[in-house]
Amino acid sequence: MYHLTALVTCLALLAYFLISFQVGKARATYGVKAPAVSGNPDFERIYRVQMNMLEWMPVFLPALWLFAIYVSDAIAAALGVVWIIGRILYMIGYTKAANKRGPGFGIQASAAIILWLGATIGILWRLIHA
């Protein structure tokens, strides 16, 4: 069973939901009516936080689960928490200024790459040693 990875998956989805909620609040705060996604730089940064997370989730989630299956549930979950922390730091930095998004982006990208690389190596290892 992969209880830790499942819990981290739920936490990642919660983080995405909360970030999406921030976009709705920002629409009201900055007067950006749907379907517009531009017009106020403060709104646009919050919107890009949500979109960037959405863009990374198809990389993160399969890599997270494949790593859990082929390497370790606990390590996958730990890396998943690092990814979530990176996403939160990305949000905090980017909502202040675009040039402050780098550290959070680097953390989450590194975690995702480690998950993908570990999963790939784990799969190949099992194929070779099957």
How far apart, in nm, are the 7 Å Cα→Cβ label points at residue 20 and residue 99? 3.4 nm
Per-residue [θ]222 nm for the chain (sum of -39500 (n - 2.57) over DSSP H runs n ≥ 4, rounded to 500): -30000 deg cm²/dmol
Considering the chain, what Rg and Dmax in Å follow from its alpha-carbon atoms? 16.7, 59
List the trypsin sites (Lys or Arg not before Pro) within region 17-117 that DSSP assigns to loop and that have no more than 13 neighbouring Cβ atoms inside 10 Å. 33
The ³J(HN,Hα) series, computed from each phi in region 116-125 with the Karplus coefficients 6.51, -1.76 and 1.60 at θ = phi - 60°, rounded to the nearest Hz and given as x for glycine or proline, is 5, 5, x, 4, 4, 5, x, 5, 4, 4
Below 15 angstrom from the Cβ of residue 31, what's the summed charge of the other residues (Lys, Arg +1; Asp, Glu -1)? +1
So for the chain, taking the charge dipole from beta-carbon charges (+1 Lys/Arg, -1 Asp/Glu), which of 116, 29, 59 sits furthest toward the positive end? 29
Need one number: nm distance between label points at residue 38 and residue 54, each 7 Å from Cα along Cα→Cβ, rounded to one decimal. 1.7 nm
Among 76, 106, 39 - extreme Cα towards positive end, dipole of region 38-130, charges at beta-carbon: 39
List residues of region 49-88, by number, whose backbone nitrogen lies under 14 Å from a label position 7 Å along Cα→C-beta of residue 129. 70-72
Over region 1-52: Kirkwood hydrodynamic radius from C-alpha pairwise inverse distances, Å: 12.1 Å
If R0 = 25 Å, then residue 1 and residue 92, at their Cβ-Cβ distance, give a FRET efficiency to the nearest 0.05 of 0.15
To the nearest 20 debye, what charge dipole does the chain have about its Cα centre, counting +1 at the Cβ of each Lys and Arg and -1 at the Cβ of each Asp and Glu? 380 debye
If the chain between residue 85 and residue 13 were fully stretched, how many nm would it gain, using 0.36 nm times the residue separation less the Cα-Cα distance? 24.6 nm
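Read-outs throughout are calculated quantities, based only on the coordinates presented, and are distinct from any laboratory measurement. Note that the structure is predicted; figures quoted are calculated from it, not measured. Here the Cβ is made from the backbone with ideal geometry for all residues, glycine too, and neighbour counts use every protein chain on show.
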